[in-house]
Amino acid sequence: MASSPLEIAVEPRWPLRLPRRGGGDGTMRSADGVITRFLHVGDRPVIAHVWQRRSGEIALRAVPGGEGVDREALEVAVARMRFAFGVDDDLSDFFAAFKRDPLLGPALARRPWVRPRRRPWPWEALAWAITAQLIESGEALAIQRRIVRRWGPEADAPATIGRRRGPLRDVPTAEMIARSAPAELAACGLAPRRALAMLACAREVAGGHTDLTDPGDDRRLLTIRDIGPWTIQCLGIAGRGDPDSLPAGDLAYVKLVGRLAGLRRRATVEEVEEYFKPYAPYRGLAGVFALSHYHLGIEAGPPLRLAA
């Protein structure tokens, strides 16, 4: 028999505002201030709801999404959603170090609630980083939605959330992707080389050869063709919560640093890394705050080959 729902309220350790919208990949829905996500703890399905009370507390409710869901699974699901939204992040040391910094000071003062966008599980961060290689974010989201629709497990019952009705779906696991063929992934819009890279990573994870929570195992991933530093840095900041992991090859950062450094052109990856070097061990976090504050001043510019 499934466990009873679990609901808790948490006072964030640092100012926090939940995002108003889902992530765009079809796994999260948002309506009336409540974010809903279907996810699995092992093979146990859980539906999680997250919202912010007027007091500022973050409320999290985990509901069994099927049979065999015990309280431990609900607790893990709540913990993963707390991680995804940065509920337990304490940025006081970061704030103290850089509140008077010419670049970050205004960003910290104006939007202290900013958090990096994270995924509940490291595999999701890695898989979605692969979909975003060398293409614009909108195209990557479309590919992610196709993957979710094709392989993503569905909740037992359809859900009506806001104006949307239909099944809640989870991101397919590494085991599910490992059983697919490259042509099936390519049919979702992935370039053939990206499809092979995702399949190779899925087999590494599903076979127990790589632990995505362990940065020491990144060297195995880097031996896979088309898995480069940018992909690993995305895994670090979005899948592990590493505040020093900066995806320096990201189009947004090469444009941002080109403007802030007065280069009159887009920066190189090396120039982005050099620009954020003084912010170690918070380079990734510094990048997120800088981008959130200065993004409106970035000019579109000509097309650029993105990072892998």
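If you keep only loop residues by DSSP, which chymotrypsin sites (Phe, Trp or Tyr not before Pro) in region 91-150 have at most 15 other Cβ atoms within 10 Å of their Cβ?
When the chymotrypsin sites (Phe, Trp or Tyr not before Pro) of region 91-150 are filtered for loop state and at most 15 Cβ neighbours within 10 Å, Trp113 remain.
May I ask you to order 37-43, 274-280 by the average number of other C-beta atoms within 10 Å around their residues, highest value first?
37-43, 274-280
Return the equivalent ellipsoid semi-axes of the chain as a descending list in whole Å, where each equals the square root of 5 times an eigenvalue of the C-alpha gyration tensor.
31, 26, 17
How large is the accessible surface per residue of region 249-299, computed with a 1.4 Å probe and reported in Å² as a whole number?
51 Å²
On the accessible surface of region 64-103, probed at 1.4 Å, how many percent belong to carbon and sulfur atoms?
Here it works out to 47 percent.
Dividing the Cα radius of gyration by the Kirkwood radius, what Rg/Rh value follows for region 195-279?
1.06
What is the mean projected area of the alpha carbon convex hull for region 1-114, to one decimal in square nanometres?
8.3 nm²
List the residues whose amide H sits under 5 Å from the amide H of Leu134, counting only those 5 or more places along or on another chain, with H placed 1.01 Å from N in the peptide plane.
Counting only residues 5 or more places away or on other chains, the set is Leu306, Ala307.
Given the DSSP H assignment, sum -39500 (n - 2.57) over each helix run of at least 4 residues in the chain and divide by its residue total; what's the result at 222 nm in deg cm²/dmol, nearest 500?
So the calculated ellipticity at 222 nm is -11500 deg cm²/dmol.
Just to be sure I understand: if I project the alpha-carbon convex hull of region 36-93 onto a plane and average over all orientations, what area do I get in nm²?
Spelled out: convex hull of the Cα atoms, projected over all directions, averaged, 4.6 nm².
Work through the residues other than His40 whose Cβ is under 14 Å from its Cβ and net out their charges, Lys, Arg +1 and Asp, Glu -1.
Residues near His40 contribute -4 overall.
Just the accessible area per residue of region 58-132, please: how many Å² with a 1.4 Å probe?
40 Å²
Looking only at Leu235, Leu91, Leu16, which one moves most when the chain is put into a Gaussian network model with springs between Cα atoms under 10 Å?
Evaluated over the chain, the most mobile residue of the options is Leu91.
The values are calculated or read from the model by the stated rules, or taken from the named source; none is laboratory data. Just so we're clear, the structure is a prediction, and the values are computed from it rather than from any experiment. Reconstructed Cβ throughout: ideal geometry from the backbone, glycine too, with neighbour counts over all protein chains shown. Ligands, DNA and RNA are excluded from the accessible area calculation, which covers all protein heavy atoms including side chains. Shrake-Rupley method; radii C 1.70, N 1.55, O 1.52, S 1.80 Å.
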